[in-house]
Amino acid sequence: MRHYFTFLFALIGFSMFGQEATLNGYIRDANSGETLIGATAYITELGIGATSNEYGFYSITVANGSSYTIEFAYLGFQSKVLNLDIIDDLRFDIELSEEATELEEIVITAETEDKNVTNIEMSTNKLDVSTIKKMPTLLGEVEIIRSLQLLPGVTTVGEGASGFNVRGGSIDQNLVLLDEAPVFNSSHLFGFFSVFNPDAVKDVKLYKAGVPSRYGGRLASILDVRMKEGNNKKLEVNGGIGFIFSRLSIEAPIVKDKASFIIAARRSYIDVLAKPFLSDDNQNSGLNFYDLTFKTNYKFSEKDRIFLSAYLGRDNFQFGEQAGFNWGNSTGTLRWNHLFSEKLFANLTFYYSDYDYQIKFFSDPQNKFDWNARIVNYSLKPEFTLYLNPRNIIRYGGQSIVYKFEPGNAIGISEGEVRNFGLTNKYAIESALYVENEQDISDKIKINYGLRWSHFNYTGKGEAFTFAEATPGQRREVLSSQIYDQWESIQTYSNFEPRFAIKYQVDATSSLKASYNRMAQYIQLVSNTTASTPVDIWTPASNNIKPQMSDQYALGYFNNLKDNHYEFSSEVYYKKMYNSVDYIDAADLILNPYLEGDLLEGQGRAYGLELLMKKNKGDFTGWFSYTLARTERQTIGINKGNWYPSRFDQTHKLTFNGFYELNEKWSLSSTLTVISGTPITFPTSRFEQQGYVIPHNGSENRNNVRVPLYHRLDIGATLKGKKRPGKKWYGEWVFSVYNLYSRKNPFAIYFRPEESRSAGMTAVKTEAIRLSVIGNFIPSVSYNFKFN
């Protein structure tokens, strides 16, 4: 590994200038003052440029004392071309205005044209919020996570499944960040809606491979969601009113051009609408979700700005006085941007994240059951970006995360007698250091290489168990145990995670890209279901659970056609996963202090082909994607030790998304999704005893059958209000139909005896039941408005 560092810094140390100056500053939206992520500053004479970072900052080093023509550009905004005399270092902030007329094209990314070809990033998708808002909706609500599932390599096992799967990874292998704070359950209403309010979202970026060294902690993907900072020019109000919920956001300057805020809220009210029709016993029932998002920022000086953001969201299901459960996320992020020099940009982040759920039965103080669990973490993360010269951008930093796991606090009261079923808390500290360099080797070759070192310390206070060896697939019994004091180390792990990406520019409109990354994951979701449920448990790597690891290789070809009217990309990938967690048959996952004895260690592999064709310009725009993929697992003690398809393996996936600007008033949209059925385990034989059927899998094969093909068509139409000069109110009506032809897509299939049983010695007949979460078309109408 010493030679890796030698190679790393040797590549950096070339191309330093004797007499140089730095042009730097921030690129912002002239209308709102929001910084623009991914805007470009391009020097025509030198053929070099820079891209603004997550905070809108750019920096270019050039020869001192010269005059240059510089073009500032961002797709959807009017470019500005300026002649600047760069004598010594020059701070130059600039604001870009939106196009005078509404753009006709709908694009996946709101960045510069050709960036998909010239940028080194691959296996990365950016979804512009304006694109997401034009897609057909479910019950009138714009949905970010469901929009991601229309991209190649991103799947879900069906309607009502929380989370998403990326390139063979399970749902807990996606790191979902909201302003850098992790969100452990990104769904409302069991996956039908995400926790992200579209009116408060500024940028959405998904990394499937080629993950930079500054990210880590999960095997499958990084979803980085950035919130708006708030309009620092004027008051702006956005909102929407739908059938079952509404949303509202307010943003405004606190001190014009210096400080601003945004606050956004959503709430469903199906329980309010249903209350007049409920019986007296169910009057206290509740079925709703809500979320509240807040962010503010303040510019102390030309070199310092702080950001404070927070999120609070919750789902509530209450069934009268008898039972109920709820779950929710809360996060808080405090960030400080500081410019040490024209070349060195720094950001210090502190965040807090808390995910918890509660289950309650009965309200009688003498007879009830309460259960709650949570995962809380705090983190400090310093990051530095050094714009060394036009050919090298070096990023380095570190992170430390403190975890507190509460796997279950359960109390049962029967006739006044209290019994505690709770489990002890678990603690851990995860740390990391990283360095990476994005380097232009030549006009045709660009590379990004880096190294991440991660360390995990599983600590007390608590009891750690040692388990005896057992036959593979059987429960391991406790051999011994030991008590540890608070923060006393129980087990430590450390891993080096190298990252590498390369781009070769074939010509002005096409390029070849390749990447490799190793990822380590130290926490995992304990669940034997395909999709996450609110009561799933997060647990750390321990003396009995090794951290999960993966190696992924990807190769891609990117091409733009007909002056960027069309974009095409083709990628192949292979991923190998180690120390995957699985479970013995009949594993006891609920409130089990010896849970680790029921876990098995295995490996996985995923490989596939992803194709994407987009049309970016004209009245008709959209994209078509196709994914051919396999995802397999191997665990000693399962499936006779042979490879088997994972539960979320979907061989074929085809999506089509179309947008048509009919005229100035009407725009139309449609989405078609076709996906292979997911594997499921069926019994191969059965036993009968006293009229009851006991299914049995005699072959011991895991996931031996597939559910039928999934397909769905959604359509939408938007009636836009007329924008008049000086008019502050703008509104539009959105009409959509989800599942247009009422396809009953199967979520699961199970067996049961027929209701009418034959008498005597006749064998009991069983029938297969196909469970569909949504079996009919769902129309919706919503009204969206904007005031500024």
(message) Which of the three applies to the stretch 146-259, rounded, prolate or oblate, going by the alpha-carbon gyration tensor with a ≥ b ≥ c and a/c under 1.5 meaning rounded?
(response) oblate
(message) Looking at the chain, I'd like the Rg to Rh ratio, where Rg is from alpha-carbon atoms and Rh is Kirkwood's inverse mean 1/r.
(response) 0.97
(request) State the number of lysine pairs found in the stretch 570-696 whose Cα atoms come within less than 22 Å, restricting to pairs 8 or more positions apart or on distinct chains. (result) 7
(request) Do me a favour and compute the ellipsoid semi-axes for the stretch 475-589 from its Cα gyration tensor, root of five times each eigenvalue, largest one first, whole Å. (result) 43, 18, 12
(request) Report the one residue of F294, F350, P198 whose Cα lies farthest in the direction of the positive end of the charge dipole of the chain (charges on C-beta: Lys and Arg +1, Asp and Glu -1; origin at the Cα centre). (result) P198
(request) Report the trypsin sites (Lys or Arg not before Pro) located in the stretch 543-610 that are in a DSSP loop and have at most 10 other Cβ atoms inside 10 Å of their Cβ, or state none. (result) K562
(message) Order 480-487, 654-661 from most to least packed using the mean count of other Cβ atoms within 10 Å.
(response) 654-661, 480-487
(request) May I ask for log10 I(q)/I(0) of the stretch 553-702 at q = 0.09, 0.12, 0.19 Å⁻¹, from a Debye sum over the Cα atoms as equal point scatterers with solvent left out? (result) -0.52, -0.75, -1.19
(request) Take the alpha-carbon centre of the stretch 614-645, take the same for the stretch 679-723, and report the distance between them in whole Å. (result) 18 Å
(request) Before rounding to the nearest 500, sum -39500 (n - 2.57) across all DSSP H runs of length at least 4 in the chain and divide by the residue total; then give [θ] at 222 nm in deg cm²/dmol. (result) -1000 deg cm²/dmol
(request) Work out the P(r) tail for the stretch 555-634: percent of alpha carbon pairs separated by more than 21 Å, whole number. (result) 55 percent
(request) Over the chain, average the accessible area per residue using a 1.4 Å probe and give it in Å², no decimals. (result) 42 Å²
(request) Just grab the label-to-label distance for L479 and H338, each label 7 Å out from Cα along the Cβ direction, in nm (one decimal). (result) 5.0 nm
(message) Name the residue from S646, S52, G716 whose Cα lies farthest towards the positive end of the charge dipole of the chain, charges +1 on Cβ of Lys and Arg and -1 on Cβ of Asp and Glu.
(response) G716
(request) Please determine, in degrees from 0 to 90 and to the nearest 10, the orientation of helix 2-12 with respect to the longest principal axis defined by the Cα atoms of the chain, where the helix direction is its Cα long axis. (result) 30 degrees
(request) Estimate the FRET efficiency between Q322 and V81 by the formula 1/(1 + (r/R0)^6), using the beta-carbon distance for r and 56 Å for R0, to the nearest 0.05. (result) 0.25
(request) For the stretch 616-659, just say rounded, prolate or oblate: build the C-alpha gyration tensor, square-root its eigenvalues into a ≥ b ≥ c, call rounded for a/c under 1.5, and beyond that prolate if a/b exceeds b/c, oblate if not. (result) prolate
(request) Among L380, T69, F369, flag the residue with its Cα farthest along the positive direction of the charge dipole of the chain, charges on Cβ as +1 for Lys/Arg and -1 for Asp/Glu. (result) T69
(request) Could you size up the charge dipole of the stretch 199-261 around its Cα centre, putting +1 on the beta carbon of Lys and Arg and -1 on that of Asp and Glu, and report it in debye to the nearest 20? (result) 180 debye
(message) Loop-only GluC sites (Glu not before Pro) in the stretch 401-436, please: DSSP not H, G, I, E or B, and at most 16 other Cβ atoms within 10 Å.
(response) E415
(request) Let me know the volume per residue of the alpha-carbon convex hull for the stretch 662-742, in Å³. (result) 167 Å³
(request) With +1 on each Lys and Arg Cβ and -1 on each Asp and Glu Cβ, and nothing else charged, work out how big the dipole of the chain is about its Cα centre, in Debye to the nearest 20. (result) 880 debye
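The values are calculated or read from the model by the stated rules, or taken from the named source; none is laboratory data. Model, not experiment: these values are computed from the prediction. Don't worry about glycine lacking a Cβ; one is built from the backbone with ideal geometry, like all the others, and counts go over all protein chains shown. The accessibility values were calculated without ligands, DNA or RNA, using every heavy atom of the protein model including side chains. Shrake-Rupley method; radii C 1.70, N 1.55, O 1.52, S 1.80 Å.
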